[in-house]
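Structure first, commentary second.
The values are calculated or read from the model by the stated rules, or taken from the named source; none is laboratory data. Note that the structure is a prediction, hence the values are computed from the model and not measured. Cβ placement follows ideal geometry from the backbone for every residue including glycine, while neighbour counts extend to all protein chains displayed.
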Amino acid sequence: MLKHASLWSCLVALAATAGLAAALGPPEDEGRTFVLVVGVEDYADLKITDLSYAEGDAQAVYGFFANDSRRPTTNESVDVVTGGSAGSQDSLP
């Protein structure tokens with residue numbers, strides 16, 4: 001379950017957009033939508049406050065885009081990066 005209201009609002013907006021896209025039919029470039037979800041809880045920079053639920057929230061958002069029947073893309077076009085590796089170029093798909 002998502003822990004932050006702002007992320008929940010974002011997911012609801014994305015789901016609404018996905019529902020509208022499904023109602024309008026497939027786009028001309030179907031399969032051209034890509035989703036990269038990033039969740040980082042612990043930051044090395046002390047000026048940035050660490051977060052408690054970012055990685056779990058990122059996994060939940062990834063779960064929607066990778067598995068939900070209302071998603072606007074295929075699961076092959078979705079990836080998630082969490083933790084300290086999110087800052088590494090090696091972690092990108």
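For this structure, a couple of remarks:
- Flag if Tyr62 is outside any helix (DSSP H, G or I), at pLDDT 55 or above and hydroxyl-bearing (Ser, Thr, Tyr): no
- Taken together, the residues in the range 69-90 that are modelled with pLDDT under 70, assigned to a helix (DSSP H, G or I) and hydroxyl-bearing (Ser, Thr, Tyr) amount to 1.
- Filtered by the rule that a residue be closer than 8 Å to Gly39 by Cβ and among the charged types (D, E, K, R), the range 50-71 gives Glu55, Asp57.
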